[in-house]
Amino acid sequence: MSARTIGVVMNGVTGRMGYRQHLLRSVLAINAEGGVPLSDGRRILLEPVLVGRSEPKLRDLAERHDISDWTTDLSEALADPGNLIYFDAQVTHARVASVTKAIEAGKHIYAEKPTAETLEDALSLAKAAKAAGVKNGVVQDKLFLPGLLKLKRLVDGGFFGRILSVRGEFGYWVFEGGWQQAQRPSWNYRAEDGGGIILDMFPHWAYVLETLFGRIEAVTAKAVTHIPERIDESGQAYAATADDAAYGLFELAGGAIAQINSSWCVRVNRDELVEFQVDGTEGSAVAGLRNCRIQHRSTTPKPVWNPDLPATERFRDQWQEVPDNGEFDNGFKIQWELFIRHVLEDAPFPYDLAAGARGVRIAEAGLLSSAEGRRIELPAAGTEEGTP
């Protein structure tokens, strides 16, 4: 059966994430494998239409990957009826206007998170897409990491018994940009440009906690700007006005407590850049990007606190590795394939703009908690007007 080609407007792919994970490792990788397979045997190829502000960057990217269609005019790309999907990986503060324009043009929407800087704007996008009848989705890539897929397997299998707590550690040292070049763009550290680690990472933790462990009922957080001045891409010093570290406490439905530290000012002393430890009455697990280790109740050692004697065994050696039991593809690519099937054959896709708004809601609650020094309760969906 012959393949069908659909146009995908990709806005913001000159940036690091948009280029590496979405264009290179998702859309172009899908085409290299012959397209997205549908249930009726057809395959769908994706024709990327690159959109951005920099003509030289777009031209270079298009020539490098033999892409014929690119433009600095978003309206021009949206006017083509062959372009069914609009994808947005721009800086956060530019997303709402562009996604709104794409919804008005009748395009199906796929967007990076956070979908907006405020809950009000995130909800407006979700409502506009629903009113327009367009399919919509938000990137929730962490759910497809091998380590978290293994962790979900344990949760679904009842390994933990009653889950008591979740402890998360995420982050690494981002160079200030002086004597070593920063590995993240400078806008990440300017609140006026939509930067800040809470707005960046709390939407991730929202969908991870919601999907694996339950609804977040309350948030207590402390946002900090540890490094007050950084050096931008042109070598100029600038004031870091956004938070570069956040320390969060999330109360979950059912009574479990999640504690997650997020920081761009921490040097890594763990096996992976992000790790979650889950403790339950029947067992515990530590999951990272790729690996997951477990310790069952029946094999739990009996540590005794004695500061006068050295430990006789490495605690890490007392844990068992969870096997892969399958092949793990790139998480961004997997979600792209799911969204294409959702658009073309109405396959399930729960990661919509309403889910994205819930992530923004958690980020907004974290910022409010930090600013006012208090615990923020979150009513269940439907119990408060406008909540997703």
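The values are calculated or read from the model by the stated rules, or taken from the named source; none is laboratory data. Everything numeric in this text was worked out from a predicted model, so none of it was measured. With ideal geometry, Cβ positions are generated from the backbone for all residues, glycine too; neighbour counts draw on all protein chains shown.
Considering segment 23-48, the residues that are aliphatic (A, V, I, L, M) and part of a helix (DSSP H, G or I) include one that is surrounded by the fewest Cβ atoms within 10 Å (Cβ to Cβ), namely ALA32.
Among the residues of segment 331-379, the ones that are in a loop (DSSP other than H, G, I, E, B) and either at pLDDT 95 or above or buried (at least 21 other Cβ atoms within 10 Å of the Cβ) (or both) come to 11 in all.
Scanning segment 266-298 for residues that are basic (Lys, Arg) and either in contact with a strand residue (DSSP E or B) (Cβ under 9 Å, 6 or more places away or on another chain) or more than 23 Å from PHE328 (Cα to Cα) (or both) gives ARG267, ARG270, ARG293, ARG297.
In the condition set (1) outside the structural domain of GLY41 (by TED's automatic domain parsing); (2) loosely packed, with under 13 Cβ neighbours inside 10 Å, VAL322 is compliant with all but (2). Just one of the numbered conditions (1) surrounded by 22 or more Cβ atoms within 10 Å (Cβ to Cβ); (2) outside the structural domain of HIS93 (by TED's automatic domain parsing) is not true of GLY158: (1). Among the residues in segment 259-275, are any small (Gly, Ala, Ser), modelled with pLDDT of 95 or more and farther than 15 Å from GLY161 by Cα? Within segment 259-275, one or more residues are small (Gly, Ala, Ser), modelled with pLDDT of 95 or more and farther than 15 Å from GLY161 by Cα. Among the residues of segment 95-141, the ones that are small (Gly, Ala, Ser) and free of Cβ contacts under 8 Å to residues at least 40 places away in the same chain come to 8 in all.
None of LEU289, LEU252, LEU199 is among the hydrophobic types (A, V, I, L, M, F, W, C), under 19 Å from the mean Cα position of the chain (by Cα), closer than 30 Å to ALA111 by Cα and crowded, with 19+ Cβ neighbours inside 10 Å except LEU199. Can you tell me which residues in segment 99-120 are in a helix (DSSP H, G or I) and crowded, with 20+ Cβ neighbours inside 10 Å? VAL99, ALA102, ILE103, LEU119 - these are the residues of segment 99-120 that are in a helix (DSSP H, G or I) and crowded, with 20+ Cβ neighbours inside 10 Å. For segment 1-22, the set of residues classified as surrounded by fewer than 19 Cβ atoms within 10 Å (Cβ to Cβ), in contact (Cβ under 8 Å) with a residue 60 or more places away in the chain and in a helix (DSSP H, G or I) consists of ARG16, MET17, listed by residue number.
Looking at segment 125-139, can you tell me whether even one residue there is in contact with a helix residue (DSSP H, G or I) (Cβ under 9 Å, 6 or more places away or on another chain) and closer than 20 Å to ARG16 by Cβ? Yes: segment 125-139 contains one or more residues that are in contact with a helix residue (DSSP H, G or I) (Cβ under 9 Å, 6 or more places away or on another chain) and closer than 20 Å to ARG16 by Cβ.
For segment 88-96, the count of residues that are part of a loop (DSSP other than H, G, I, E, B), of a type in the set (A, V, I, L, M), crowded, with 23+ Cβ neighbours inside 10 Å and touching a Phe, Trp or Tyr at 6+ places or on another chain (Cβ under 8 Å) is zero. Just so you know, in segment 127-141 the residues that are buried (at least 22 other Cβ atoms within 10 Å of the Cβ) and either basic (Lys, Arg) or in contact with a strand residue (DSSP E or B) (Cβ under 9 Å, 6 or more places away or on another chain) (or both) include one that is farthest from ILE257 (Cα to Cα), and it is ALA129. Apart from one condition, ASN11 fits all of (1) under 22 Å from the mean Cα position of the chain (by Cα); (2) modelled with pLDDT under 95; (3) not small (Gly, Ala, Ser); the exception is (2). For segment 69-81, does any single residue satisfy the condition of being outside any helix (DSSP H, G or I) and touching a Pro at 6+ places or on another chain (Cβ under 8 Å)? Within segment 69-81, one or more residues are outside any helix (DSSP H, G or I) and touching a Pro at 6+ places or on another chain (Cβ under 8 Å). Which of the residues spanning segment 121-139 are assigned to a strand (DSSP E or B) and β-branched (Val, Ile, Thr)? Answer for segment 121-139, where residues must be assigned to a strand (DSSP E or B) and β-branched (Val, Ile, Thr): just VAL138. Only one entry of ASP346, ASP352 meets the criterion of being acidic (Asp, Glu), in contact with a Gly (Cβ under 9 Å, 6 or more places away or on another chain) and under 19 Å from ALA126 (Cα atoms), and that entry is ASP352.
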